[in-house]
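Asks: The structure under discussion is supplied below as structure tokens; questions concerning it will follow.
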Amino acid sequence: MRFHRTSAIVLRQYFLLRGSAARVLPLFAWVAIDIVLWGFITRYLNTVSTAGLDFVPLLLGAVLLWDFFTRVMHGVSMAFLEDVWSRNFLNLFASPLTIGEYLCGLVLTSIATSSLGLLMMVALASAVFGLSFFGYGLLLVPFLLVLFLFGIALGILGSALVLRFGPASEWLVWPLPALLSPFAAVFYPVSTLPHWMRQVSRLLPPSYVFEGIRAILAGGDYRGSGLAWSLFLASCYILVASWFFARIHRQAVRTGLLARYSAESVS
């Protein structure tokens with residue numbers, strides 16, 4: 001793997017963002033809307049609740065972390081879709097660029113864009129609504145790592161689906177986080193789910209993150225086994241998603257799909 005080839009993918013995304021305000025604005029606009037909306041909801045809940053709970057870290061913190069996961073996933077898929085929309089695949093893969101180098105470039109792009117979004121969300125939530133991350137302790141770092149790894153895996157999977165079924169199938173990418181959110185138990189304990197949903201939840205790394213956050217905020221003990229298992233799951237999903245993308249790419253090359261990649265290539 002050659003780093004200069006990977007950095008070329010990142011550099012291309014940088015020039016795309018630098019030259020288009022329409023691409024930069026969504027990195028901040030939607031997360032800001034989410035933080036403001038849920039921030040005022042948590043303030044309202046604090047005023048009407050008689051349970052003595054502070055909903056700011058409980059709900060607003062969960063929204064911030066879930067938005068971070070979504071930004072990571074969309075960071076990978078958006079970088080990939082830029083190549084889809086510009087019909088750039090033949091240019092890329094006619095070069096010595098390998099699949100591993102290409103995926104690493106997408107991941108590095110996602111790191112940059114999701115980090116900017118995270119900093120913006122933290123600054124807004126802290127300054128306006130008083131959200132403090134000190135309550136989570138040092139476990140916040142591995143929690144973010146789990147969400148980051150799983151977001152990368154989901155982004156690669158979504159990109160592979162679009163590569164297989166064509167640009168017209170990009171609508172499959174956007175609802176993936178929403179489809180997973182009921183099983184990830186972002187706003188409620190896993191124990192509230194039906195039995196069959198709990199079985200699915202145990203296979204999703206984010207569910208362990210949000211269960212751990214609720215345990216910490218409730219003042220209870222958090223078992224590290226759940227965190228270790230979620231890290232293992234997220235790492236496995238990245239390997240599986242990368243293998244799936246490479247397999248789809250080999251099939252696209254063998255069948256000539258890359259040469260005729262267009263909105264009509266869904267088949």
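Asks: log₁₀ I(q)/I(0) of the range 35-109 at q = 0.11, 0.16, 0.19, 0.22 Å⁻¹, via Debye over equal Cα point scatterers, no solvent, to two decimals?
Replies: -0.49, -0.67, -0.80, -0.94
Asks: Any idea how far the Cα center of the range 129-174 sits from the one of the range 188-212, in Å?
Replies: Here the two parts' Cα centres lie 17 Å apart.
Asks: Relative to the longest principal axis of the chain, what angle (0 to 90°, nearest 10) does the C-alpha long axis of helix 99-129 take?
Replies: Tilt of helix 99-129: around 30 degrees.
Asks: Something else: What do you get for the angle between helix 205-217 and the principal long axis of the chain? Use alpha-carbon atoms, 0 to 90 degrees, nearest ten.
Replies: Between helix and principal axis, roughly 20 degrees.
Asks: Now a separate question. Measure nothing fancy, just the Cα-based angle from helix 21-48's long axis to the longest principal axis of the chain, in degrees from 0 to 90, nearest 10.
Replies: 20 degrees
Asks: Still on this structure, I have one more. So what's the chain giving for Cα Rg divided by 2.2 N^0.38 Å, two decimals?
Replies: Numbers: Rg = 19.7 Å, N = 267, 2.2 N^0.38 = 18.4 Å.
Compared with the compact-globule rule of thumb, the chain sits at 1.07.
Asks: I would also like to ask the following. Sorted by average packing, counted as other Cβ atoms within 10 angstrom per residue and highest first, what order do 114-125, 154-165, 183-194 take?
Replies: So the order, starting with the most tightly packed, is 154-165, 114-125, 183-194.
Asks: If you don't mind, another one. Relative contact order for the range 3-260 using alpha-carbon pairs under 8 Å, separation at least 6, rounded to a whole percent? List each step's numbers first, then the result.
Replies: Details: 278 pairs, mean separation 59.0, N = 258.
About 23 percent, as a whole number.
Asks: Turning to a different aspect of this structure: Taking K and R as +1 and D and E as -1, what net charge do the other residues with C-beta under 15 Å from the C-beta of residue 99 add up to?
Replies: On the way: positive: 2, 5, 164, 247, 250, 254; negative: 83, 101.
In short, +4.
Asks: Given an 8 Å cut-off on Cα distances and at least 6 residues of separation, report the relative contact order of the range 175-244 as a percent.
Replies: On the way: 50 pairs, mean separation 18.4, N = 70.
Relative contact order of the range 175-244: 26 percent.
Asks: In square nanometres and to one decimal, what's the mean projected area of the convex hull around the Cα atoms of the range 103-257? Each step should come with its number before you reach the end.
Replies: Details: hull surface 43.3 nm².
Over all viewing directions, the range 103-257 projects a mean Cα-hull area of 10.8 nm².
Just so you know, all these numbers are worked out from the coordinates, no wet-lab data involved. Every value quoted in this text rests on a predicted model; they were computed, and no experiment measured them. Note that each Cβ is placed from the backbone with ideal geometry, even for glycine, and that neighbours are counted across all protein chains shown.
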